[in-house]
Amino acid sequence: MTRSNTSMLRALGLGLFTIAACATTQPSPMLVEARADYDAARTGPPGEYVPDMVYEAKKALDQAERAHERDPGSYEEEHLAYLAHRRTLLAVSAAEQRMAVADAGKAKRTFETVLMSQRNEATDEAASAGTRLDAERAKRQAAEEEMRRALASLAEIASVKAEAQRTIITLSGEVLFKSTEATLRPGAQARLDKVAEALKSQGEDRKMVVEGHTDSQGKDAYNQSLSQRRAEAVRSYLVSRGIPADTIQAVGKGEVEPIADNKTAEGRANNRRVEIEIDNSN
């Protein structure tokens, strides 16, 4: 073997060693996700409503970072990054609950004011007219009030938007499912139990659609399939809790209807959701 050939082999070997060394310095995907989610939590509502839980998530993330410095890409790094990620999700969930409680208190006061006004109006009408039409009107108002009360009770676990033709109940996909999975978390079932009770109060003839949504990460076909499977999982559970199967359908929307910017972790988290649309026209 000539000296030039020997030099080339040594250079090639050194290059491969350098590439391998560089590859092992990359953080695991879990650590990358844990960093992004923590940054979103730190600067978002969790940082304001549950700073103590965000601090615990930071300590867990610091442990993962030290594991990365010791042995990049190791099992220890990925495990600690997962724990940090879980603490961040817990902080996000706790912040959502505190925000919902605050909003629910305001909604309750408004609802009670409207309810009292409607009761007074119904009483005056019944007293002045005393007809069957007035009795039916009061009965209908009472039913509508019960329907609104049931939806208002969901404020602690979901976002409820009432429009003239439809009502939309939005649930966080992070709370319902693990990442990339379509099997309901154990804690999600308790939330959906409350949703089922509220939906049953809307009447058996109301048509409903369960829509699954994802963020823009991953291939379109995969996101479409995942959103469909998640929508079907929620529909199946609601049917098992008494919602008539012929009144509710499941539709996967994939990533085509975002409600936030997919360029940020917080935006992607908002886009990963399940919406239950109730038809108010009938």
Which order results if 163, 65 are arranged by neighbouring Cβ count within 10 Å, fewest first?
163, 65
Taking a ≥ b ≥ c as the square roots of the Cα gyration tensor eigenvalues, with a/c under 1.5 meaning rounded and otherwise prolate when a/b beats b/c, else oblate, which class fits the stretch 233-273?
prolate
Report, in whole Å, the centroid distance computed from the Cα atoms of the stretch 100-118 and the stretch 173-192.
29 Å
For residue 90 and residue 256, compute 0.36 nm times the residue count separating them, minus their Cα-Cα distance, and round to one decimal in nm.
57.0 nm
With label points set 7 Å from each Cα along the Cα-to-Cβ direction at residue 217 and residue 132, the distance between them in nm comes to 6.2 nm
10 Å-binned pair-distance histogram of the stretch 157-282 (Cα, whole percent):
14, 48, 32, 7, 0
Counted neighbours (other Cβ, 10 Å), sorted fewest up, put 253, 219, 194 in the order 219, 194, 253
Give the order of 167, 264, 110, 247 when sorted by the count of other beta carbons within 10 angstrom, beginning with the fewest.
110, 264, 247, 167
Hey, rough spin-label estimate for residue 117 and residue 168, points 7 angstrom out along Cα→Cβ, what's it come to in nanometres?
2.6 nm
At a Cα cut-off below 14 Å, give the aspartates and glutamates reachable from residue 194, other chains included and same-chain residues fewer than 8 away excluded.
156
Say R0 is 35 Å: what FRET efficiency, to the nearest 0.05, do residue 239 and residue 43 get from their beta-carbon distance?
0.30
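Readers should treat all values here as calculations from the given coordinates under stated rules, not as data from a laboratory. Small disclaimer: the values here were computed from a predicted structure and weren't measured. All Cβ positions, glycine included, derive from the backbone under ideal geometry; neighbour counts span all protein chains shown.
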